[in-house]
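Chemist: Below you'll find the structure I mean.
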Amino acid sequence: MNETDDSLARSRRTIESYEGYADRYALIRQGPDDREQAALRQVASIAGLGGEVLEIGSGPGYGADFLETLGVKVRRTDATRRFLELQAARGKQGDRLDVITDPLGGPYDAVVAQYVLFHVPRDCIDRVLTKIARALRPRGAFLVSMREGDFETGGDYHEVYWRRNDFTARLKAAGLIVLWDEPGVGSDNVTWNTFLARRMA
């Protein structure tokens with residue numbers, strides 16, 4: 001098995017693990033907090049009223065719910081089927097999408113990927129970020145949150161930690177300009193760096 005095959009296997013194992021955890025996650029994660037809402041408001045402002053937003057890793061869909069109250073149209077997606085079933089049970093339509101292997105469609109006015117791309121294997125991240133940049137309209141917004149660090153975890157949930165400056169460089173290489181980045185401590189006591197970037201014109 002070569003490196004790419006190994007990375008895809010780790011990604012699939014993570015997705016499969018979420019299938020069994022989705023219901024519990026939906027109970028624990030009850031919606032964006034004040035800091036997350038502020039970031040989503042900026043995304044909606046850039047996208048504009050009626051703008052089209054792709055959300056990668058929608059999970060239970062609470063972030064998408066909030067975005068829609070701000071007047072944008074959200075394409076909800078997740079690689080985990082159970083998350084999409086939970087959203088469908090409350091009348092929300094979502095698409096199954098694996099950000100590593102599937103086309104993203106577009107162009108979109110914004111892409112949101114909060115607390116999801118840290119599962120992307122390190123050797124896949126540049127291709128994923130380039131794919132996201134190409135799915136954006138010129139000057140479209142990209143909001144992403146990544147764990148701070150420089151190591152990886154294995155097991156059922158593959159996690160990749162990125163140093164802020166290293167991830168900023170990856171965004172720039174993909175054709176994205178970082179407007180701001182902000183650290184925050186999550187419920188797991190891990191530091192997350194949130195970045196708001198825009199596609200170069």
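Read the figures in this text as sums done on the coordinates, not as results from a lab. All figures in this text were calculated on a predicted structure; none of them were measured in a lab. Reconstructed Cβ throughout: ideal geometry from the backbone, glycine too, with neighbour counts over all protein chains shown.
Chemist: Just how far, in whole angstrom, is the stretch 115-183 from the stretch 44-81 if you go by their alpha carbon centroids?
Modeler: Measuring centre to centre over Cα atoms gives 18 Å.
Chemist: Of the listed peptides 177-184, 43-50, what is their order by residue-averaged count of other C-beta atoms within 10 Å, with the highest listed first?
Modeler: By packing density, highest mean first, the sequence is 43-50, 177-184.
Chemist: Among bridges DSSP assigns within the chain, what percent are antiparallel (round to 5)?
Modeler: Counting DSSP beta bridges with both partners in the chain, the antiparallel share is about 55 percent.
Chemist: In sequence order, what are the phi-derived ³J(HN,Hα) couplings for the stretch 72-82 according to the Karplus relation 6.51 cos²θ - 1.76 cosθ + 1.60 with θ = phi - 60°, rounded to whole Hz, with x for glycine and proline?
Modeler: 9, 9, 10, 8, 7, 9, 7, 7, 9, 4, 4
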